[in-house]
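Please treat every number below as a calculation from the coordinates, not as lab data. Keep in mind it's a predicted model, so treat the numbers as computed, not measured. Cβ atoms come from the backbone with ideal geometry, glycine included; neighbour counts cover every protein chain shown.
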Amino acid sequence: MNKILSTIRSVPGVWGAIAIDKKRALTYQLLPSTYDAEIVKSFAIPTLNLGRTFERNVIIDFFFENGKGRLYNRPEAVVLVLGRFELDFDLLNSICKEAVSAICRRFARAEVHDGGIVSSDGSNVSFEFLLKAVNILASNAQQKIGAYLVTKHLRNAKDKLVEKYDFLSTLTVDNNGVAYLIKGYPPYKGDDLLQGFAHWANLFISNCAKSTDKLDAADILELTIEIKDKLEMTGFYQLYADIGL
């Protein structure tokens, strides 16, 4: 996804691009580093609402005090491109014709069929990778809410789900909020592996959101940014979103 957004951003005059999965409300963006999660959400949500309101296939141009932008609305996605005054819409459109279609195809392929895991990539996801993902999530969450709350909610979420996902009993969370496999247990390879980790992540973030206003469920992409593309291919974000419905 970053490669597609980078192609859009390479158009002269473009300084940012954001793509939103209309079905799952998942956001992917390539914006200046000064744009924190709150700023992104402040215009991602209205952009999604606008995309869901208008006809499915439409292009809308915007003109601001300091620049201009173009919104591409498709059945699967809404893509907002932000630029300076010198941005050439005709040139942008020549690039976005394929780029927006590619984004839509990516979102369409991410759909989960019959509540299962998407494609062979999802079914072959490893225990080690998902454990790494949870630890990246927890580590980044610590930067926002501290180690105490992360450790508390990560443990509580795991303990609450053990009855549903037996393999979680083979994991423990230390006092630094780091999860690891208990010595002597083999990495789990069951069909509910991805579902279990996605559920754990969702419950963890939900519990954090109840005790602080510094996190909410929509922050999952930001908190796993280092491995976002790999997680996306497994269907993790889809499962995470479905659990939160």
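What is the spin-label model distance, in nm, from Thr212 to Val58 if the labels are put 7 Å beyond Cα along the C-beta direction?
4.0
Under a Cβ-Cβ cut-off of 15 Å, what is the net charge of the residues other than Glu222 that fall near it, where Lys and Arg count +1 and Asp and Glu count -1?
Cβ neighbours under 15 Å give a net charge of -3.
Measure nothing but the geometry: give the 0 to 90° angle between the long axis through the Cα atoms of 127-145 and the longest principal axis through the Cα atoms of the chain, rounded to 10°.
The answer is roughly 70 degrees.
Take the cross-link list Lys160/Lys214; Lys189/Lys228; Lys160/Lys228; Lys132/Lys160; Lys22/Lys189 and give me the ones stretching past 30 Å between alpha-carbons.
Lys22/Lys189
Counting other Cβ atoms within 10 Å, which chymotrypsin sites (Phe, Trp or Tyr not before Pro) in region 1-65 have at most 16 and lie in a DSSP loop?
Here the sparse-neighbourhood loop sites are Tyr35, Phe54.
Kindly provide the helix-only [θ] at 222 nm of the chain, computed as the sum of -39,500 (n - 2.57) over DSSP H runs of four or more divided by all residues, to the nearest 500 deg cm²/dmol?
-15500 deg cm²/dmol
To the nearest 10 degrees, how steeply does helix 193-211 sit against the main Cα axis of the chain, on a 0 to 90 scale?
Compared with the principal axis, the helix lies near 80 degrees.
Enumerate by residue number the trypsin sites (Lys or Arg not before Pro) in region 3-56 meeting two conditions: DSSP loop (anything except H, G, I, E, B), and at most 13 other Cβ atoms within 10 Å of the site's Cβ.
Of the trypsin sites (Lys or Arg not before Pro), the ones in loops of region 3-56 whose Cβ has at most 13 other Cβ atoms within 10 Å are Arg56.
Around Lys132, what is the net charge, scoring Lys/Arg as +1 and Asp/Glu as -1 over all other residues with Cβ under 11 Å from its Cβ?
-1
From the mean inverse distance of alpha carbon pairs (Kirkwood) and the Cα radius of gyration, derive Rg over Rh for region 2-109.
In region 2-109, Rg relative to Rh is 0.92.
Based on the Cα atoms of the chain, what semi-axes does the equivalent ellipsoid have, where each is the square root of 5 times one gyration tensor eigenvalue, given in whole Å with the largest first?
36, 19, 15
State the dimensionless ratio Rg/Rh of region 164-245 (Rg: radius of gyration of Cα atoms; Rh: Kirkwood radius).
Reported Rg/Rh (Cα atoms, Kirkwood Rh): 0.97.
What distance in nm lies between label points placed 7 Å from Cα along the C-beta direction at Glu65 and Tyr148?
That separation, rounded to one decimal, is 4.2 nm.
By how many degrees, between 0 and 90 and to the nearest 10, does the Cα long axis of helix 89-109 differ from the longest principal axis of the chain?
The two axes meet at around 30 degrees.
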